[in-house]
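The values are calculated or read from the model by the stated rules, or taken from the named source; none is laboratory data. Small disclaimer: the values here were computed from a predicted structure and weren't measured. Neighbour counts run over all protein chains shown; Cβ positions are idealised from the backbone, glycine included. For accessibility, only protein heavy atoms count, side chains too; no ligands or nucleic acids. Shrake-Rupley method; radii C 1.70, N 1.55, O 1.52, S 1.80 Å.
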Amino acid sequence: MIGTDVTKAANLLSQGKLVAIPTETVYGLAANGLNPEAIAEIYRVKNRPNFNPLILHVPHIEAAKKYVTHFPIEAEKLAHHFWPGSLSILLPKSAIVPDIITAGSSHVVLRIPNHPITLNLLNQIDFPLAAPSANISNTVSPTSAKHVDEGFSNQIEYILDGGNSTIGIESTIVSIENGNVQILREGGISQEFIAQKTGFNISSEPTKTIQTPGQLKKHYSTQKPLYLVESIIDFLKENPKKNCSVLYYEYHDYPSEHTYYLSENYNLSEIANRLFTTMRLADKDASDCIIIENIKQEGIGRAISDRLNRAKSNLE
Ligand code: TXA
Ligand code: MG
């Protein structure tokens, strides 16, 4: 059932049930983050491998500090600038965080989402929310209550409707090691923006010591093959028999039959905002495949590129 009753959502979560929640990035499939049985249900319903840990969502910094053994000065600065918001921080977990959240790791990822309804919910309950994106594993992440409903139909009792996610792409995940802030997953807040606000020298080279086990190579897939190409014009010339939907980053003079504009003028925020919805639309139209060009590697273009590279199929 889809609705806007925060008290109902809070009650269900308190009883150990799953509730889908809106966030500014994507919708999450939430459970009481201190209740291992409820969390196990997330893995089951999502068909998520048990080695892929979950993000813990909290209402404010004081709450975040309860779930870590150490909140370094760099985390203070990041939280000051970006919380609530699309930044998730990996920190050493305290003993009260169940191992099932972190898939056995000594570190937990924390975030304060920037969505008024979910912040209201988090403030009504006395536990944090474990929540991955509210999609079946290996499908496109949901950016509306309707998307969640399409994926799970009757499997979750309540979907809290908070409208369309405004960012449209998952949060950026960072780690902090010996004062170095590193990007573990590109997302809604760009590396450049973090550096600009904090003055940190951000590295995107993954460390050897900290892994993001959930960063599976193939992810976010559409049902139809999605081809990530250098040039749409060349692709159409070389593959005249293919009937593909075309996703453009800017206005184009020669639209083909199934054409979608992610932006009219290559605006990266707009592209991120429309990407998952458009992938879903193209998946349902009468075409046989989807084509999209490589995106520029700057700002959140890197996060978009990451998602497209995990979604793509190879041309035989
Ligand atoms: O924007 C978001 O981050 C959304 C909303 C709902 O908050 N959540 C989300 O969760 O995208 P999920 O589970 O789809 O992706 C979380 C990623 C996974 O790749 C997972 O492996 C990684 O975060 N992760 C979570 N906890 C971790 C940990 N303790 N150590 C390493 N990686 C972790
Ligand atoms: Mg996900």
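Among all residue pairs at least 6 apart or on different chains, which show Cβ distances below 6 Å where the first residue, located in the stretch 32-45, is in the same structural domain as Glu157 (by TED's automatic domain parsing) and the second is outside any loop (DSSP other than H, G, I, E, B) and open to solvent by 40 Å² or more (accessible area, probe 1.4 Å)?
Pro36/Ile100; Ile39/Ile100
Every residue in the stretch 75-93 that is crowded, with 17+ Cβ neighbours inside 10 Å and free of Cβ contacts under 8 Å to residues at least 60 places away in the same chain, please.
Across the stretch 75-93, the qualifying residues are Ala79, Trp83, Pro84, Lys93.
Which residue pairs have Cβ atoms closer than 7 Å, lie 6 or more positions apart in sequence or on different chains, and pair a first residue in the stretch 254-280 that is in contact (Cβ under 8 Å) with a residue 60 or more places away in the chain with a second residue that is surrounded by fewer than 19 Cβ atoms within 10 Å (Cβ to Cβ) and part of a loop (DSSP other than H, G, I, E, B)?
Hits for this filter: Asn273/Thr166.
Test each condition in (1) within 15 Å of Glu157 (Cβ to Cβ); (2) assigned to a loop (DSSP other than H, G, I, E, B); (3) open to solvent by 30 Å² or more (accessible area, probe 1.4 Å) for Arg48 and report the one that comes out false.
Of (1) within 15 Å of Glu157 (Cβ to Cβ); (2) assigned to a loop (DSSP other than H, G, I, E, B); (3) open to solvent by 30 Å² or more (accessible area, probe 1.4 Å), only one is false for Arg48: (1).
I'd like to know if the stretch 35-42 contains one or more residues that are part of a helix (DSSP H, G or I), buried (at least 17 other Cβ atoms within 10 Å of the Cβ) and within 16 Å of ligand 2 (Cβ to nearest atom).
Yes: one or more hits.
Counting only residues that are more than 11 Å from ligand 1 (Cβ to nearest atom), give me the strands (runs of 3 or more DSSP E) lying completely in the stretch 89-189 with at least 1 of them.
158-160, 172-177, 180-185
So Ala30 clears everything in (1) in a helix (DSSP H, G or I); (2) within 15 Å of ligand 2 (Cβ to nearest atom) except one condition, right? Which one?
All conditions pass for Ala30, except number (1).
Counting just the residues of the stretch 120-167 that are of a type in the set (Ser, Thr, Tyr) and either modelled with pLDDT of 95 or more or in contact with a strand residue (DSSP E or B) (Cβ under 8 Å, 6 or more places away or on another chain) (or both), which one comes out surrounded by the most Cβ atoms within 10 Å (Cβ to Cβ)?
Among those residues, the one meeting the criterion is Thr143.
Just checking, which of Ala282, Ala303, Ala311 is surrounded by 19 or more Cβ atoms within 10 Å (Cβ to Cβ) and at pLDDT below 95?
Ala311
Hey, Gly85 hits all of (1) over 13 Å from the mean Cα position of the chain (by Cα); (2) within 11 Å of ligand 1 (Cβ to nearest atom) but one; which does it fall short on?
Going through the list (1) over 13 Å from the mean Cα position of the chain (by Cα); (2) within 11 Å of ligand 1 (Cβ to nearest atom), Gly85 breaks only (1).
Which is open to solvent by 20 Å² or more (accessible area, probe 1.4 Å), closer than 22 Å to Asn273 by Cβ, more than 16 Å from ligand 2 (Cβ to nearest atom) and of a type in the set (A, V, I, L, M, F, W, C), of Ile55, Ile100, Ile96, Ile117?
Result of the check over Ile55, Ile100, Ile96, Ile117: Ile117.
Output yes when any residue across the stretch 4-25 is within 16 Å of ligand 2 (Cβ to nearest atom) and assigned to a strand (DSSP E or B), and no when none is.
Looking for residues that are within 16 Å of ligand 2 (Cβ to nearest atom) and assigned to a strand (DSSP E or B), one finds at least one in the stretch 4-25, hence yes.
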